[in-house]
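S.K.: Structure in structure tokens, see below.
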Amino acid sequence: MKKHILCTLTMIVGFTFPIIAQSGSTVNATTANASLLVAMSLSEIAPLNFGSSLLSNTSGGTVILPSNSTTRGYTGGVVNSAATPAPAVAAYSVSGTGLETYVLVLPAITTVSHTSVYSGVNTMNITAMTARFNGAVADSKTSTLTSEGKDSFTLGGTLNVQENQIGGQYSGTFQVSVDYN
């Protein structure tokens, strides 16, 4: 019986002593973030048109249309012509989330084909495409949307005329894309 009483007293004394624990709590404020972007939209305003040029000989050459001007440069056996159609840079408008940076992806090579002759030297390549964003002083492939989520740019490139190229109308398509950077 003494053992029972001693055991009971030990348990009572053990439970009556205060348990020492941390006196205060630690709170850590953690930040949570999210970013929602409006899907980008790209609209063509005007197509790319190198205009009419004259084949002065059969050696081929290039027609260079800068991204910010319709004043063409020429090399080889291709020279300026005043005939219609007049040259025009391609023009696009972009929309998306305001103040976001984006990148423009241009094709490395675009092929245009003669619209009615299907033999001989009847294709030409457009290379070295360049873009000029609204208000920019130099060509670039990146830009930032305005606070309203708008921007625009123009495109130029180099038309490569092959040796013995067939005269006439040429046409083709190419893809341009934009995406947040």
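S.K.: With viscosity set to 0.692 mPa s at 37 °C, what whole-number translational diffusion coefficient in µm²/s follows for the range 58-146 from Stokes-Einstein and a Kirkwood radius over Cα pairs?
M.R.: Translational D for this selection: 208 µm²/s.
S.K.: Could you give the size of the charge dipole of the range 95-169 about its Cα centre, using +1 on the Cβ of each K and R and -1 on the Cβ of each D and E, expressed in debye and rounded to the nearest 20?
M.R.: Dipole about the Cα centre, nearest 20: 40 debye.
S.K.: Mind pulling up the Rg/Rh value for the range 135-174? Radius of gyration and Kirkwood radius, both on Cα.
M.R.: That ratio equals 1.18.
S.K.: Largest first, please: the extent of the C-alpha atoms of the range 80-131 along each principal axis, to the nearest Å.
M.R.: On the principal axes, the range 80-131 reaches 49, 25, 18 Å in Cα extent.
S.K.: Now for a separate question. Got a sec? Charge dipole of the range 92-181, +1 on Cβ for Lys and Arg, -1 for Asp and Glu; which of Thr123, Gln165, Thr97 is way out at the positive end?
M.R.: Checking the options against the dipole of the range 92-181, the answer is Gln165.
S.K.: So, one more: To the nearest 20 debye, what charge dipole does the chain have about its Cα centre, counting +1 at the Cβ of each Lys and Arg and -1 at the Cβ of each Asp and Glu?
M.R.: 840 debye
S.K.: Evaluate Rg over Rh across the chain, taking Cα atoms for both radii and Kirkwood's formula for Rh.
M.R.: Answer for the chain: 1.66.
S.K.: What angle do you read, to the nearest 10 degrees and between 0 and 90, between the alpha-carbon axis of helix 2-16 and the longest principal axis of the chain?
M.R.: Once rounded, one gets 40 degrees.
S.K.: How high is the relative contact order of the chain, in percent, counting Cα pairs under 8 Å that sit 6 or more residues apart?
M.R.: 26 percent
S.K.: Any chance you could run the full-extension gain for Thr31 through Thr101? It's 0.36 nm times the residue separation minus the Cα-Cα distance, nm to one decimal.
M.R.: 22.8 nm
S.K.: Carbon and sulfur: what percent of the chain's accessible surface (1.4 Å probe)?
M.R.: It is 57 percent, rounded to a whole number.
S.K.: Next question, about the same structure. Among Ala34, Gly76, Ser59, which residue has its Cα furthest toward the positive end of the charge dipole of the chain, with +1 on Lys/Arg Cβ and -1 on Asp/Glu Cβ?
M.R.: Result: Ala34.
S.K.: Compare Ile126, Ile64, Ile166, Ile109 by solvent-accessible area with a 1.4 Å probe and give them largest first, with all protein chains kept in place.
M.R.: Result, largest first: Ile109, Ile64, Ile166, Ile126.
S.K.: Leaving out ligands and nucleic acids, note down the accessible area per residue over the range 44-181 with a 1.4 angstrom probe, in whole Å².
M.R.: That works out to 51 Å² per residue.
The values are calculated or read from the model by the stated rules, or taken from the named source; none is laboratory data. Keep in mind that this is a model prediction, so the values were computed, not measured. Counting neighbours? That spans all protein chains shown, and the Cβs are built from the backbone with ideal geometry, glycine included. Note: areas computed on protein heavy atoms with side chains; ligands, DNA, RNA excluded. Shrake-Rupley method; radii C 1.70, N 1.55, O 1.52, S 1.80 Å.
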